[in-house]
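Read-outs: derived from the displayed coordinates by stated rules, not from any lab. Every value quoted in this text rests on a predicted model; they were computed, and no experiment measured them. Glycine gets a Cβ as well: all are built from the backbone with ideal geometry, and neighbour counts include every protein chain shown.
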Amino acid sequence: MLELTNIYKKFPLMETYAVDDISFSLQKGETLALLGESGSGKTTLLRMIAGLEKPTKGSITLQNKLIFCDKNSIFIKPEKRNVGLFFQHYALFPHLTVFENIAYGLSNKYYNKSQKRERVIEMLNLVELPNYEKRFAHELSGGQQQRIALARALAPKPKLLLLDEPFSNLDEQLKGEVRQQIKAILEKTQTTTILVTHDLQDALSLADKLAVMRNGKIEQLDSPQKLYQNPTTEYVATLFGEIQEVQKIGNSDKQRKYTRPEWIKIIDKVKTNQIEIDKTNTTEIIKIEEVKFYGNCYKIIGKNRNNQIFKIHTTTFQEFRKNDELQIEIKKSFVLD
């Protein structure tokens, strides 16, 4: 569906590449999230796919057609790519009705008046806002405006949909609801989508694949579940929450084993004067130094007899106090160089 091969972008007066040797492919109906901090290159990459920026070198193929190739001097203009754009300022035209906003991108070459009306009504039903065609933007809530902007982007049946920070203008309470709505719409239409975001929850809510970007490069690309469970760098690992070193591997100082607080299971409290405790390579005895109760979970910090610190997040119904001794088990870990 979409394939990028060795894409580079260097802006004038810059010593380094803003996008540095990016390659990936995307199948029809998949959603890829480009996750990274400001300056990581994610928006520049999105703009190159849209045709709003010209790569320095590399090639981009969309539905088996080259839309950019520096070696063959191919550059297809943005309006010829049939790519839908949805930016963080969704910018509905204030002087146009909802109907006119959605119909704006429907070319007279492909749609007559009755076909335009049919398509707009279809889009309004898709985003669950029927009978809103006569309203203006100022008469809509933030979430409704966003769904109308999405309907406008999807109306021309784009080959690819590009979303740039689509939830950044919404308050936290509304974000979760709108994420679910947009995910359902994308799944229903089987629209191939690339989402740019700095918000991990945006990426996890929508994406089948997640590419973590840093300094113009893709640090790791995989399913969100695999990135969480088997990160290849410390940067990727810490994006998903706290990590802690548990043990060095062999005699190497380079390879280290890590776990997460939620991967540590409390087996039981150690009773006073308990002499024998079954201990394996994955279990430890710790003494609680700090315990915080948050209603739905405990956050515990403790040390073993070698003074190694362990952080534990648990939803158990047991009650814990400072100086309690616990037998814990590390249920899962990963290795980083």
query: Efficiency by 1/(1 + (r/R0)^6): what FRET value for Gln115 and Val335, r their Cβ-Cβ distance, R0 = 41 Å, to the nearest 0.05?
result: 0.10
task: Tabulate in residue order the Karplus-calculated ³J(HN,Hα) for region 192-201, using 6.51 cos²θ - 1.76 cosθ + 1.60 with θ = phi - 60°, rounded to whole Hz; enter x for Gly and Pro.
output: 6, 9, 10, 10, 9, 7, 9, 9, 4, 5
Net charge over other residues, Cβ less than 14 angstrom from the Cβ of Thr16 (K, R count +1; D, E count -1): +1
message: So if I place +1 on the C-beta of Lys and Arg and -1 on the C-beta of Asp and Glu, and nothing else carries charge, what would the dipole magnitude of region 2-239 be about its Cα centre? I want it in debye, nearest 20.
response: 1140
- prompt: How long is the chain along each principal axis, judged by its Cα atoms, biggest number first, in Å?
  reply: 85, 50, 33
field: For region 165-177, Karplus couplings with θ = phi - 60° (6.51, -1.76, 1.60), whole Hz, Gly/Pro x
entry: 6, x, 10, 5, 8, 9, 6, 4, 5, 7, 4, x, 5
task: Just need the Rg to Rh number for region 109-154, please, alpha carbons only, Kirkwood Rh.
output: 0.99
task: Please give the peptides 117-124, 291-298, 312-319 ranked by average Cβ packing (other Cβ atoms within 10 Å per residue), highest first, as a rough proxy for protection.
output: 117-124, 312-319, 291-298
Charge tally in the Cβ shell below 11 Å around Gln63, where Lys, Arg are +1 and Asp, Glu are -1, Gln63 excluded: +3
field: Whole-Hz ³J(HN,Hα) from phi, Karplus 6.51 cos²θ - 1.76 cosθ + 1.60, for region 59-71, glycine and proline x
entry: 8, 10, 10, 10, 6, 6, 10, 5, 10, 8, 7, 5, 5
query: Add -39500 (n - 2.57) for each DSSP H run of 4 or more in the chain, then divide by its residues: what number comes out at 222 nm, to the nearest 500 deg cm²/dmol?
result: -7000 deg cm²/dmol
query: Which of the peptides 22-35, 50-63 is most tightly packed, and how do the rest follow, going by the mean number of other Cβ atoms within 10 Å of each residue?
result: 22-35, 50-63
message: Can you tell me, using C-alpha contacts under 8 Å and at least 6 residues apart, the relative contact order of the chain as a whole percent?
response: 17
message: From the convex hull of the Cα coordinates of region 176-265, what is the mean projected area in square nanometres?
response: 7.8
task: Obtain the nm distance between the two label points defined at His198 and Phe293 by a simple spin-label model: each point lies 7 Å from its Cα along the Cα-to-C-beta direction.
output: 3.8
